């Protein structure tokens, strides 16, 4: 059955404390066999371990400030380490964002990752595309981030 507006779950994001990153990396790589790229994203205030092919992202607030530091620290304070959000790949992100907002979803952030940033972060195997994202706060017990990949 084809999805009307989307493609499905792209990856799952965990939020952990910065001191947990080495242990988490050793687990995913050594026990499960999923290599993780390390990203330093000071503009977001995060250090990230990611494997898009493995469907895994682990973020840790690692700077005193940045676009995601406050939300990540609040999550850790209220829930502890764990699943932060599910990133769901969609087509026509603008329409899905409008529908999600109309259904009561609270938009936390919008982000466009340019093709050059995709390359710098190692998020592509050579294809050139932008990534449009819209992250929402808890809705029916789930944080969701909508994502659309737009070819260059």
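Readers should treat all values here as calculations from the given coordinates under stated rules, not as data from a laboratory. Because the structure is a prediction, the values reported are computed rather than measured. Because the Cβ atoms are built from the backbone with ideal geometry, glycine has one as well, and the counts that use them run over all protein chains shown.
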Between the alpha-carbon centers of the stretch 75-107 and the stretch 109-143, tell me the distance in whole angstrom. 13
Debye calc, one equal point scatterer per Cα of the stretch 96-152, no solvent, log10 I(q)/I(0) at q = 0.18, 0.22, 0.29 1/Å comes to -0.64, -0.80, -1.07
Would you mind giving the three semi-axes, in whole Å and largest first, of the ellipsoid equivalent to the chain according to its Cα gyration tensor? 24, 20, 15
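Could you tell me the calculated FRET efficiency between residue 37 and residue 102, based on Cβ-Cβ distance and R0 = 41 angstrom, to the nearest 0.05?
The computed FRET efficiency comes out at 0.70.
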Extension gain (nm, one decimal) between residue 150 and residue 91, 0.36 nm per residue minus Cα-Cα: 20.3 nm
Running a GNM on the chain with Cα contacts under 10 Å, which residue among 17, 79, 91 ends up with the highest mean-square fluctuation? 79
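What share of the DSSP beta bridges in the chain is antiparallel, in percent to the nearest 5?
On the way: 34 of 42 bridges.
Of all bridge pairs located within the chain, approximately 80 percent are antiparallel.
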Alpha-carbon gyration tensor eigenvalues x 5, square-rooted, for the stretch 49-102, Å: 24, 17, 11
